[in-house]
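All of the numbers you see were taken from the coordinates with simple rules; none came from a lab. Please read all numbers here as calculations on a predicted model, not as lab measurements. Don't worry about glycine lacking a Cβ; one is built from the backbone with ideal geometry, like all the others, and counts go over all protein chains shown.
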Amino acid sequence: MIKVGIIGSTGYAGGELTRLLLGHKEVEIKWYGSKSYIDKKYYEVYQNFFKIVDNKCLGDSIDELSSMVDVIFTATPQGFCSSLMNEEILSRTKVIDLSADFRIKDVDIYEKWYGIHHKIPKLIEQAVYGLCEINRSNIKNARLVANPGCYPTCTILSIYPLLKEGLIDINSIIVDAKSGASGAGRSAKIDNLYCEVNENIKAYGITNHRHTPEIEEQLSYAAGNDVRINFTPHLVPMNRGILTTAYASLNSDTTYEKVKAAYDKYYDEEKFVRVLDKDVYPQTKWIKGSNYVDVNFKIDDRTNRIIIMGAMDNLNKGAAGQAIQNMNLMFGIEETTGLIQVPMFP
């Protein structure tokens with residue numbers, strides 16, 4: 001059995017990690033870390049775990065935890081993991097960090113966009129960006145995995161084949177994205193109160209959302225050139241789910257058949273990326289509670305542009321499910337283990 005510890009287990013992503021890992025046949029959860037709920041029983045925080053998890057929440061000591069488990073998930077705010085991580089911890093256990101601390105290779109860009117001084121930049125280089133469909137071989141040998149952000153996962157997987165095959169103008173990409181309120185985390189914020197979110201939709205982080213450099217970095221690797229995008233996220237009144245709609249200009253003589261062949265080339269063998277049938281478009285209701293990403297596209301011949309769409313669950317494939325997918329690869333077990341949940345509907 002893989003012995004697991006979760007730091008930040010009482011946030012939304014931590015709760016989803018717990019739910020999924022309890023159904024994983026190769027895992028034993030040894031530690032539920034939560035700075036806010038020390039000595040409180042886990043089911044007292046999330047009553048859906050009543051008579052399922054009787055453990056008490058412990059603290060957030062990575063040093064103590066690292067000698068007890070094979071892998072640590074850190075579902076914590078930005079800056080936490082990097083402030084405590086070191087080579088000694090990584091010599092004892094593997095770490096999958098769900099924050100942005102090790103996602104961006106240029107520490108100056110990280111510090112600029114997140115406003116945080118990075119405490120251990122030397123580990124950034126060895127951290128592997130944990131987008132399994134793209135970095136699978138590197139993840140298998142990693143000690144430290146930077147679990148991708150939710151918006152970046154949906155956006156990158158939606159656009160990636162087009163850039164790899166040179167089918168779109170890399171200077172023309174615009175991304176409009178929408179997320180449910182759980183994407184903002186569980187801490188109390190006025191903007192996330194029911195009366196603020198209900199019956200409303202709003203754009204936020206306009207031109208300066210923190211996920212922008214992460215998306216640009218990964219799309220640049222795919223294109224082989226620097227990619228700059230316009231990225232505008234929106235908050236919508238639902239609990240979970242992300243829908244991204246991206247727009248780009250097509251390069252000359254690009255046809256539906258060429259685009260479809262590109263998606264099939266990269267995703268035909270992928271379990272968790274579902275390329276939908278022609279003229280069937282992604283919807284958040286069809287991926288809820290699952291590790292699937294639904295993608296599709298539509299060519300607008302009139303403007304010679306392509307509309308690219310992706311939908312996924314921000315707490316599952318956008319956080320916990322993807323982290324478990326990474327863990328499976330790191331420990332050499334079947335990648336889909338513990339993740340074959342049919343999406344919930346209604």
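Across all C-alpha atoms in segment 123-164, the radius of gyration and Dmax reach 10.9, 31 Å.
For segment 159-279, the dipole from Cβ point charges (+1 on Lys and Arg, -1 on Asp and Glu) about the Cα centre works out to 420 debye, to the nearest 20. From least to most packed, judged by other beta carbons within 10 angstrom and beginning with the fewest, TYR281, TYR110 follow the order TYR281, TYR110. If I take all pairs of Cα atoms in segment 151-313, what percentage of them are more than 20 Å from each other? Here the tail beyond 20 Å accounts for 50 percent of pairs. Placing a pseudo-label 7 Å from each Cα along the Cα-to-Cβ vector at MET68 and MET344 gives an inter-label distance of 2.9 nm.
Ordering GLY318, ALA127, SER137 by the projection of their Cα atoms onto the charge dipole of the chain, which places +1 on the Cβ of Lys and Arg and -1 on the Cβ of Asp and Glu, puts GLY318 at the extreme positive end.
Taking 0.36 nm per residue of separation and subtracting the Cα-Cα distance, full extension of the segment from VAL107 to ASN138 would add 9.1 nm. Taking the C-alpha atoms only, the angle from helix 12-21 to the longest principal axis of the chain is near 80 degrees.
Once the mean of 1/r is taken over each pair of separate Cα atoms and inverted, segment 250-341 shows a Kirkwood hydrodynamic radius of 14.5 Å. Taking amide H positions as modeled 1.01 Å from N, with prolines and chain starts lacking one, the residues under 5 Å from LYS94 and 5 or more places away or on another chain are VAL71, ILE72. In loop segments of segment 29-101 as defined by DSSP, the chymotrypsin sites (Phe, Trp or Tyr not before Pro) with at most 13 further C-beta atoms inside 10 Å of their C-beta are PHE50. Think of the chain as a dipole: +1 on every Lys or Arg Cβ, -1 on every Asp or Glu Cβ, centred on the Cα centre; then among ILE72, TYR204, SER36, SER36 lies furthest on the positive end.
Shown here for segment 142-218: trypsin sites (Lys or Arg not before Pro) in loop regions (DSSP other than H, G, I, E, B) with at most 14 other Cβ atoms within 10 Å, namely LYS189.
The packing ranking, built from the mean of other Cβ atoms within 10 Å per residue, places the peptides 11-21, 309-319 in the order 309-319, 11-21, highest first.
Binning the alpha carbon pair distances of the chain at 10 angstrom intervals from zero yields the distribution 5, 26, 35, 24, 8, 1, 0, expressed in whole percent. Annotation note: GluC sites (Glu not before Pro) in segment 103-156 located in DSSP loop regions with a Cβ neighbour count of at most 10 within 10 Å are GLU125.
Whole-Hz Karplus values for segment 240-255 come out as 9, x, 9, 10, 10, 10, 10, 10, 7, 7, 7, 6, 4, 6, 7, 10 Hz, taken residue by residue from phi with 6.51 cos²θ - 1.76 cosθ + 1.60 and θ = phi - 60°; glycine and proline positions read x. Ranking VAL259, PHE272, SER179 by how far each Cα lies toward the positive end of the dipole of segment 151-313 (charges on Cβ) leaves SER179 at the top. Each 10 Å bin, from zero up to the one with the longest distance, holds this percent of the alpha carbon pairs of segment 1-130: 13, 43, 32, 12, 1.
Where both bridge residues fall in the chain, DSSP classifies roughly 45% of the beta bridges as antiparallel. When +1 charges are put on Lys and Arg Cβ atoms and -1 charges on Asp and Glu Cβ atoms, the dipole computed for the chain relative to its Cα centre reaches about 640 debye.
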